[in-house]
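The values are calculated or read from the model by the stated rules, or taken from the named source; none is laboratory data. The structure presented is a predicted model; accordingly, all values stated were derived computationally and were not measured. So basically every Cβ, Gly included, is an ideal-geometry build from the backbone, and we count neighbours across all protein chains shown.
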């Protein structure tokens, strides 16, 4: 029971610290920070795949599958959003009008 309370305390402190850190990130640093967190979620994805492949019980397989699913979803979605945000800083593409033949 004491170990559970220690883990719960660490979780609560980490959640509070994470919220405080993310809420203070300026808009200019949002894109690089999002790219870095996508790399971290890639590590979570690999850990979920290892858990899924080496797990012996059904609950462990379920947790591994959920970790892989949400990890992949987060990595793909994060890079998609980062690409769109970086697209705002690209120069506009000029469109050339074609002459109609006829």
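Residue 54 fulfils the conditions (1) farther than 26 Å from residue 86 by Cα; (2) under 16 Å from the mean Cα position of the chain (by Cα); (3) modelled with pLDDT of 85 or more except for a single criterion, (2). Anything in segment 14-31 that is under 14 Å from residue 85 (Cβ atoms) and touching a helix residue (DSSP H, G or I) at 6+ places or on another chain (Cβ under 9 Å)? List them, or say none. Matches in segment 14-31: 25, 30, 31.
Taking segment 2-102 as the region of interest, the helices (runs of 4 or more DSSP H) fully inside it that hold 1 or more residues being in contact (Cβ under 8 Å) with a residue 24 or more places away in the chain and surrounded by 12 or more Cβ atoms within 10 Å (Cβ to Cβ) are 30-54, 58-87.
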